[in-house]
Each structure stands twice: as C-alpha cells, then as structure tokens.
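Report on the structure given below.
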Amino acid sequence: ANTLTMATPIRNFKSRLTVLSPKQRLYMFIDKNGDEIDFETLRIESDRLFLRSVTMDDAQVIFENFTPEITRYMGPPSPKEIGETAAFLRGTIKKRANHREIVFAICNRKTDEFWGACGMHNIGDTSP
C-alpha cells in the first residue's frame, strides 16, 4: 500500500484536471513523480491516526456511529437502517473509481478503531 506520512510536505503533490468528454470532468491527483495516486490503497498517517479509503467493510461501524447528533450538520442525514449506509458506501466507492469523490475513514493508528470520516465531494464540479 502507498503510505504518506504527515511529515511529507504537501507540496510534493500536484493535481491535473483531465477532461474525458465535453460534459464530464475527472480530477486526478498526481504525486511528485508524475504518477496517479491510487486512493484504493493510499494510507495517510500521523502519530495518532491514519486515513484510508472507506470500504463496504465499514458499513456497520459507520451505521453505528453516524447518529442524528453526529450528522446534524452533514449530508446525507443519519441512516435509519444499515442498507442506507451500504448504499452510501456503494455510491462513494463508485464515485471514487470515477475520480469524483474521495472519502476516508479516520482511524486510531494503534488500535485501528474507527473515529470518523472525512472526504472531498463533487470533485471537478464548477459549482459548490
């Protein structure tokens, strides 16, 4: 797996906007060597935590942790059943494959415990 430690200066990364068709924009992240960053295997680490791409294996823990209190100011709203979480993850994984979204699980580096999630959505859109 690719690993990026927080000690690695962010300036080592650049990005390139690639237009695959007039109506579709895909945003690719390129490392300092000119290679595309594989978000399926990328792991970003600090002393206390690490970020990794979410997977279908995260459905249960996300369902349990994304309560109405936690998701109050987030979208989508808190899932009412595990199937909603699974559908969200399937959509996220599909968008990641199309370079439209990146969602990371935030985990404890020592225990692998899930602490939360963060991400970039609507990559390449011209409006927020």
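Figure legend. Inter-residue proximity from the range 32-52: first residues more than 15 Å from A117 (Cα to Cα) and surrounded by fewer than 16 Cβ atoms within 10 Å (Cβ to Cβ), second residues at pLDDT below 85 and among the basic types (K, R), beta-carbon distance below 8 Å, spacing 6+ or different chains. Indicated pairs: K32/K14. Look at (1) at pLDDT 95 or above; (2) of a type outside the set (A, V, I, L, M, F, W, C); (3) open to solvent by less than 60 Å² (accessible area, probe 1.4 Å) and you find that D57 fails only one, number (3). Restricting attention to the range 58-115, the residues that are closer than 26 Å to D38 by Cβ and either in a loop (DSSP other than H, G, I, E, B) or not basic (K, R) (or both) total 32. Cβ separations smaller than 6 Å between residues 6+ apart or across chains give the following pairs from the range 95-124 residues that are of a type in the set (K, R) to residues that are open to solvent by 90 Å² or more (accessible area, probe 1.4 Å) and not in a strand (DSSP E or B): R109/R48. Under 18 Å from I44 (Cα atoms) and touching a helix residue (DSSP H, G or I) at 6+ places or on another chain (Cβ under 7 Å): does that describe E113? So E113 does not fit the description; no.
The residues in the range 92-107 that are touching a strand residue (DSSP E or B) at 6+ places or on another chain (Cβ under 6 Å) and either farther than 14 Å from L42 by Cβ or among the β-branched types (V, I, T) (or both) can be counted, and the count is 4.
The values are calculated or read from the model by the stated rules, or taken from the named source; none is laboratory data. It should be emphasised that the depicted structure is a prediction, and the values quoted were computed from it without experimental measurement. No Cβ is skipped: glycine too gets one built from the backbone with ideal geometry, and neighbour counts run over all protein chains shown. To get the accessible areas, we keep the full protein, side chains included, count just its heavy atoms, and leave off ligands, DNA and RNA. Shrake-Rupley method; radii C 1.70, N 1.55, O 1.52, S 1.80 Å.
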